[in-house]
Amino acid sequence: MMRISLAASLVAVMVAGCVSSRPQPAPQTAPSPAKRIVRDGGQLVLPDGTRVTPDSTGGFLLPNGDYVRSAGSALVLPTGARCPASSGGYTCP
């Protein structure tokens with residue numbers, strides 16, 4: 001009787017070791033939509049709704065004091081990201 005229970009325990013341990021849960025794939029995050037800076041007359045409307053007035057070079061100061069500069073037909077954010085011109089404003093990453 002002891003041998004049967006020992007053998008059954010051994011088989012149970014071996015089966016449990018062979019049966020493992022499948023790894024779950026990492027959840028995919030949807031890409032964030034592009035942010036737009038919209039031209040409204042002589043001002044620009046930032047994605048958060050803040051309005052700024054471009055200076056003579058086309059650049060402007062953000063509310064936090066960082067400067068966004070104009071580079072031809074694009075804006076260059078303080079992070080170095082470029083926002084190319086699009087209809088009615090700029091499209092930023």
Item checked: Criterion violated by Pro33 - all others in (1) open to solvent by less than 90 Å² (accessible area, probe 1.4 Å); (2) at pLDDT below 95 satisfied -> (1)
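Conditions (1) of a type in the set (A, V, I, L, M); (2) at pLDDT 70 or above; (3) within 26 Å of Cys92 (Cβ to Cβ); (4) outside any loop (DSSP other than H, G, I, E, B), marked per residue:
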position: Ala8; (1), (2), (3), (4): yes, no, no, yes
position: Met14; (1), (2), (3), (4): yes, no, no, yes
position: Gln28; (1), (2), (3), (4): no, yes, yes, no
position: Gly49; (1), (2), (3), (4): no, yes, yes, no
position: Pro63; (1), (2), (3), (4): no, yes, yes, no
position: Val68; (1), (2), (3), (4): yes, yes, yes, yes
position: Gly80; (1), (2), (3), (4): no, yes, yes, no
Notebook entry, point to check: Given the structure, is Leu46 open to solvent by 30 Å² or more (accessible area, probe 1.4 Å) and of a type outside the set (Asp, Glu)?
Noted result: no
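The values are calculated or read from the model by the stated rules, or taken from the named source; none is laboratory data. On a predicted model such as this, the values are computed, not experimentally measured, just so you know. Heads up, the Cβs are rebuilt from the backbone with ideal geometry, glycines too, and the neighbour counts pull from every protein chain shown. Side chains are part of the model used for accessible areas, which takes the heavy atoms of the whole protein and leaves out ligands, DNA and RNA. Shrake-Rupley method; radii C 1.70, N 1.55, O 1.52, S 1.80 Å.
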